[in-house]
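First, the structure itself, so that you have it in front of you.
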Amino acid sequence: MKKTAFTLAEVLITLGIIGVVAALTMPALITKYQKQAAVIKVKKFYSTMNQAIKLSEVENGSANEWNVPAGHASYQDTLDFYNMYLAKYIKAIKEIKPSPYDSDKLCIYMSDGTLFCMGIWAGVDVQFYTSEQCLNAYANDPSNPRFKRCSFTFGFIKTTGDTSTKYVLEPYSAGSWDGTREGLLNNAVYGCLGSTGSYCAKLIQWDGWEIKDDYPW
């Protein structure tokens, strides 16, 4: 019986086709993985911080009664607030230092390689970074749109409307948000496509903790 086999030309053609398909599909797969990895980190941070607040309330009373510095707080005042109410309940490495782009803010480095920088100015603002590399790059060029992939804005929001008023950490949605997804995406200043991208974390939350195709990636 005569045996059949692929010729060298057929093998090369097949490998070429595989290479073309891989070149077309790999970027999309890599992007999908990167988006999923970012969402996992953002959601974990959100959960970790709110769990810390709940644990702190057991010992320090309702967050509604916490002593939040008024106005623009100094680095030391912000550090005192963090040490008083949150440090005990967050798994962070020991290093805490001023933000490289705002000396009044303090940056807390987490055990999983992520970090967040906290500042107080008429409220507690928190910027979460998926890596230290992202923070350092942001400090050098805060207008670079690539930071919408790794830098996300949160704030301690005091809930209202009942007797259990308290602080919770939520993705930033202050400013001039109109309550719609369109506003989260397209607000000229705060929208994820806007100049600051402050609503990006809120947009991800709005979309069910997912980064959609229209997200500026």
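If F45 meets every condition in (1) more than 19 Å from the chain's Cα centre (by Cα); (2) touching a residue at least 60 places away in the same chain (Cβ under 8 Å) apart from one, which number is that one?
(1)
Does the stretch 92-130 hold any residues that are surrounded by fewer than 22 Cβ atoms within 10 Å (Cβ to Cβ), of a type in the set (F, W, Y) and part of a strand (DSSP E or B), and which are they?
Hits for the stretch 92-130 are Y109, W121.
Report whether or not A23 is assigned to a loop (DSSP other than H, G, I, E, B) and over 25 Å from the mean Cα position of the chain (by Cα). Show your work before the answer.
On the way: assigned to a loop (DSSP other than H, G, I, E, B): no; over 25 Å from the mean Cα position of the chain (by Cα): yes.
Against the criterion (assigned to a loop (DSSP other than H, G, I, E, B) and over 25 Å from the mean Cα position of the chain (by Cα)), A23 does not qualify.
Which numbered condition in (1) polar (S, T, N, Q); (2) touching a residue at least 24 places away in the same chain (Cβ under 8 Å); (3) in a loop (DSSP other than H, G, I, E, B) is the only one that T153 fails?
Only one criterion is unmet by T153, namely (3).
Bear in mind that the values in this text are calculations on the coordinates, not laboratory data. All values reported here derive from a predicted model rather than from experimental measurement. Note that each Cβ is placed from the backbone with ideal geometry, even for glycine, and that neighbours are counted across all protein chains shown.
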